[in-house]
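Asks: The following block contains the structure, expressed as structure tokens.
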Amino acid sequence: MVSAGRLRRIRFALLLGALALFALLYAPQPVLPQLADEYGLSPGAAALLVSAATLGLAVSAIPLGTLSEAIGRRRTMITTLVIAEVLGLLLPWVHSFPLMVGLRLVQGAAIAGLAAVATAYLADETGGVRLGTTVGLYVAGTTIGGMTGRLLGGIVGDFWGWSGGVLAVALLAAVCTVAFVVLLPSELHHQRQPLRWKPLLGGLSAALRDPGLHPPYLVAALGMGSFVTVYNVLAFRITAPPLLLPPALAALAFLAYAAGTVTSAVAGRAADRWGRVRVLLSSLAVTVAGLLLMLPDSVPVILVGLVIFTGGFFGAHSVANGWVGTRASKQARGQASALYQLAYYGGSSIGGVLGGIAYGTWGWSGMTLLLTAWLAVAGIAVLFSRPGPAPRG
């Protein structure tokens, strides 16, 4: 039985770790227009700074999660977060765009150490005591980190350029990282295991072959691709004619990110009551409605649409993520969760670039048409799905 004091330390440490993680992951996003101006880049090319990090996270989640079984979860999380923080502090001083993309790829791979292992550490060390509340705090940390990093980077970047904005986020993450290292308790319950690739590959095969898991994978990939595209190019749109918002004010649009904190919890409870398919389809419909509402050149209307779009996406993500845990067999649950993360961040990487290219080529309306098509494909997959437990055998 975990003591109350130890549980508080675990919760607070993981909250701070999540804040650092997501602040670092999306640090360049609010200053992409400044970077594009300095290096003569299109929106799609500038978005590589975000996509490279999420790609690194996607491909490293499974290997680092497996490595943590052998070397320990705490060591994995601390080591990788410190590496990510060091790279975050170096990034503002690099003035070669290809080198910056390379550093972001490595930084994203390091960030995966915390993202892939945190939930397993929580389950081990709390023994399931109020695990839902504890995981909820961790998720809240990811939301706060993503929002705070974007706000701070955008506001500071308006006064001191893109490098000042990225450095400010890195310094905030450094404080959180130090506190995380100091506060995170040593492991008491995790039994280290030798690396065994055969069971891992067997679980991955089962998670890939189960058709009941394909719809949530599609929701993760296409939904996150749409979500990150909107947030990547939003600043380009609202700081350009005819809207012409100052970058510091444009950064306040990232407050809409907080809508996801509410809708993810509400959608999860609603799915338990009314069924995953119904709630997931409703969430995707809300996401599309928010996207379409953002079409007019009106800042208030765009912001309302952004809140609706963000809330719908996080509701869909919450339900799809829970679907994987319910559907996957016990032997493949960890691998299915890792594949969901791969689809989620892989969709962010590829979709973010493709969506940015669509915006640069066809404008906001053409990009909206593409994203609506992506979300419609995800919705059709859900409509014809079977979300129940995996069949035995």
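Asks: Give ALA390, ALA376, ALA332, ALA328 a once-over and let me know the one that is closer than 23 Å to VAL277 by Cβ, modelled with pLDDT of 75 or more and among the small types (Gly, Ala, Ser).
Replies: ALA376
Asks: Still on this structure: Just one of (1) within 17 Å of ALA118 (Cα to Cα); (2) surrounded by 19 or more Cβ atoms within 10 Å (Cβ to Cβ); (3) among the hydrophobic types (A, V, I, L, M, F, W, C) trips up ALA70, so point out which.
Replies: Checking ALA70 against (1) within 17 Å of ALA118 (Cα to Cα); (2) surrounded by 19 or more Cβ atoms within 10 Å (Cβ to Cβ); (3) among the hydrophobic types (A, V, I, L, M, F, W, C), the one that fails is (2).
Asks: Checking the condition surrounded by 21 or more Cβ atoms within 10 Å (Cβ to Cβ), more than 24 Å from ALA207 (Cα to Cα) and either among the small types (Gly, Ala, Ser) or at pLDDT 85 or above (or both), which residue from LEU99, LEU103, LEU90, LEU81 passes?
Replies: LEU81
Asks: Here is a check on your reading of the model: is ALA258 within 19 Å of the chain's Cα centre (by Cα), closer than 22 Å to LEU19 by Cβ and not assigned by TED's automatic domain parsing to the domain that holds LEU55?
Replies: yes
Asks: Right, another one. Inspect all residues belonging to the stretch 295-312 and state whether any of them is at pLDDT below 95, of a type in the set (Phe, Trp, Tyr), in the same structural domain as VAL377 (by TED's automatic domain parsing) and under 18 Å from GLY225 (Cα atoms).
Replies: There is no residue in the stretch 295-312 that is at pLDDT below 95, of a type in the set (Phe, Trp, Tyr), in the same structural domain as VAL377 (by TED's automatic domain parsing) and under 18 Å from GLY225 (Cα atoms).
Asks: If I ask for residues that are within 20 Å of ALA378 (Cβ to Cβ), surrounded by fewer than 23 Cβ atoms within 10 Å (Cβ to Cβ), within 21 Å of the chain's Cα centre (by Cα) and of a type in the set (A, V, I, L, M, F, W, C), which ones from the stretch 289-323 would you list?
Replies: ILE308
Asks: Is it the case, given these coordinates, that THR229 is touching a helix residue (DSSP H, G or I) at 6+ places or on another chain (Cβ under 6 Å) and surrounded by fewer than 24 Cβ atoms within 10 Å (Cβ to Cβ)?
Replies: no
Asks: Still on this structure, I have one more. Would you point out the residue of the stretch 42-61, among those that are over 12 Å from GLN341 (Cβ atoms) and in contact with a Ser or Thr (Cβ under 6 Å, 6 or more places away or on another chain), that is modelled with the lowest pLDDT?
Replies: Filtering first and then ranking leaves SER51.
Asks: From the list ALA207, ALA267, ALA220, ALA271, which residue is touching a helix residue (DSSP H, G or I) at 6+ places or on another chain (Cβ under 6 Å), under 30 Å from ALA46 (Cα atoms), in contact (Cβ under 8 Å) with a residue 12 or more places away in the chain and not polar (S, T, N, Q)?
Replies: Exactly one residue qualifies, and that residue is ALA220.
Asks: Quick one: in the stretch 222-246, which of the residues that are assigned to a helix (DSSP H, G or I) and of a type in the set (Gly, Ala, Ser) is farthest from the chain's Cα centre (by Cα)?
Replies: Only one residue fits best here, namely ALA235.
Asks: If I filter the stretch 187-200 for residues that are modelled with pLDDT of 75 or more, out of contact with any Phe, Trp or Tyr (no Cβ under 8 Å at 6 or more places or on another chain), in a helix (DSSP H, G or I) and not charged (D, E, K, R), do I get at least one hit?
Replies: no
Asks: One residue is enough: does the stretch 114-126 have a residue meeting the conditions closer than 15 Å to ALA173 by Cβ and either in the same structural domain as TYR340 (by TED's automatic domain parsing) or among the hydrophobic types (A, V, I, L, M, F, W, C) (or both)?
Replies: yes
Asks: Take the stretch 1-59 and flag every residue that is without any contact (Cβ under 8 Å) to a residue 12 or more places away in the chain and not hydroxyl-bearing (Ser, Thr, Tyr).
Replies: ALA4, GLY5, ARG8, ASP37, GLY40
Asks: A follow-up question, please. On the given criteria, is LEU49 within 16 Å of the chain's Cα centre (by Cα) and either farther than 19 Å from TYR344 by Cβ or not assigned by TED's automatic domain parsing to the domain that holds TYR340 (or both)?
Replies: The answer is yes for LEU49.
The values are calculated or read from the model by the stated rules, or taken from the named source; none is laboratory data. What you see is a predicted model; the values in this text were computed from it and never measured. All Cβ positions, even for glycine, are placed from backbone atoms using ideal geometry, and neighbour counts span all protein chains on display.
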